[in-house]
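Here the structure is laid out as structure tokens; the discussion comes afterwards.
The values are calculated or read from the model by the stated rules, or taken from the named source; none is laboratory data. It should be emphasised that the depicted structure is a prediction, and the values quoted were computed from it without experimental measurement. Reconstructed Cβ throughout: ideal geometry from the backbone, glycine too, with neighbour counts over all protein chains shown. Note: areas computed on protein heavy atoms with side chains; ligands, DNA, RNA excluded. Shrake-Rupley method; radii C 1.70, N 1.55, O 1.52, S 1.80 Å.
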Amino acid sequence: MRKHLTPEVFAQLKVLRTSNNYTINDVIKSGTACGYSLPRNMGCMAGDYESYQIFKPFFDPVIREYHDFSPTSRHTTDIDPGHLKSQPNLDPNSEYVLSTRIRVSRSISGLPFPPASSRGQRRTVEDVSKKCVSRLSGDLAGMYISLNDMTNSENDDLIQRHLLFDNPDEWSITAGLSKDWPDARGIYMNVDDVEDTPDFIVWVNEEDHLRIMTMKKGGDIAAVFEKLARGLNEIEEGLKAEGHDFLHDHHLGYVVGCPSNLGTGMRASMHVKLIRLSKLEGFNEMCVRMGLEVRGKHGETDKSKSGIFDISNRHRLGFSEVELIQLMIDGVTELVSMEKDLEKGLHVDCREKFQKV
Ligand code: ADP
Ligand code: MG
């Protein structure tokens, strides 16, 4: 953020504001207030779709550097699970891959993003979302619960079960995401009678208007993707019936507040047990070379050392959903095979793997 907000760019942008009254000072609030000490801080946040146009001299270089994506590039969307090349369950006995989750960030067209939302606009987002999810049927059917209608212990329990977002932290407070908390925030969960735990979930008004996700035990990412794609289509239809849509364009793909989530808005993650491999020198760097990101199993702020890691796609923009899921299938298959090699006492060196990728 600091690098791209030169005094010249700031002087040019400081007199501008979007129709939601969002200024360049609002854009950089999280960066100026908490610096880079926090794990998920990009240091900037768009307040609405217009922010990416009006503050283009700032956002374009940020997006170029973060995603290696130029201001004239087109982003391709492909959410058709039938387009995956290989669809094996990469760990059928769930020995290494404990669970798989794919989440996407989505904005509802015509409404400012959470950092610029008024209380009323936030409630509109919740009302529209509730109408859309109430149409879901079959294995997607479930119930919406507002945070306001939950006890603290119900809230904590859902967080512990990896179903619900965390309470506000320093970053979300300074980014303007927690205004009027918990008003108009909530979660939709389907009722899955097979595993007795919800596997289709929608978060309303956390970091984005909507975070839509599917989560299942084990490593069958193709099945998770299929269910997500179905849910997304149904929600999109619901939005259209309400006179809205997911906000999308050909350059930025799905447009959301945090520039790191532009494009697919998708993080496909697997909780993988890599007790031996993760201890090797160069493990993290190797994952980065493979296009993967490593987090602790309790999410991006987790620093625990359990040997179970959250492995996900590092890229969001400039690659389609199908390409990124394929990369996860290929990458995690490789990581599991390296872990198995280590169990057999074979030599594995992370530093020499995937040097050319
Ligand atoms: P995101 O920002 O993509 O929503 P976070 O890192 O903030 O992800 O994690 C949100 C929650 O989702 C955390 O509770 C995390 O443990 C959980 N989670 C993420 N991936 C998985 C997975 N593959 N299996 C189970 N839980 C997961
Ligand atoms: Mg998160």
Residue within the range 289-310 that is aliphatic (A, V, I, L, M), within 16 Å of ligand 2 (Cβ to nearest atom) and outside any strand (DSSP E or B) present = no
In the list Val9, Val97, Val62, Val27, which residue meets the criterion of being within 16 Å of ligand 1 (Cβ to nearest atom), among the β-branched types (Val, Ile, Thr) and in contact with a helix residue (DSSP H, G or I) (Cβ under 7 Å, 6 or more places away or on another chain)?
-> Val97
What is the one condition in (1) within 16 Å of ligand 2 (Cβ to nearest atom); (2) surrounded by fewer than 19 Cβ atoms within 10 Å (Cβ to Cβ); (3) touching a residue at least 24 places away in the same chain (Cβ under 8 Å) that Ile173 does not satisfy?
-> (3)
By my count, strands (runs of 3 or more DSSP E) wholly in the range 140-251 with at least 1 residues that are under 17 Å from the mean Cα position of the chain (by Cα), closer than 23 Å to Asn313 by Cα and modelled with pLDDT under 95 are 210-217
Test: Glu321 is among the charged types (D, E, K, R) and open to solvent by less than 10 Å² (accessible area, probe 1.4 Å) = yes
Of the residues in the range 196-209, how many are closer than 18 Å to Ser269 by Cβ, in contact with a strand residue (DSSP E or B) (Cβ under 7 Å, 6 or more places away or on another chain) and more than 10 Å from ligand 1 (Cβ to nearest atom)?
-> 4
Tell me, which residue of the range 66-99 that is β-branched (Val, Ile, Thr) and under 30 Å from His250 (Cβ atoms) is most open to solvent (accessible area, probe 1.4 Å)?
-> Thr72
If Val256 passes every condition in (1) over 23 Å from Trp171 (Cα atoms); (2) of a type in the set (Val, Ile, Thr); (3) buried (at least 22 other Cβ atoms within 10 Å of the Cβ) but one, which one does it miss?
-> (1)
Quick one: which helices (runs of 4 or more DSSP H) sit completely within the range 1-101 and have at least 2 residues that are among the aromatic types (Phe, Trp, Tyr), in contact (Cβ under 8 Å) with a residue 12 or more places away in the chain and on the phi < 0 side of the Ramachandran plot?
-> 49-54, 56-67
Return yes when Glu321 is among the charged types (D, E, K, R), farther than 19 Å from Asp166 by Cβ and under 17 Å from the mean Cα position of the chain (by Cα) and no when it is not.
-> yes
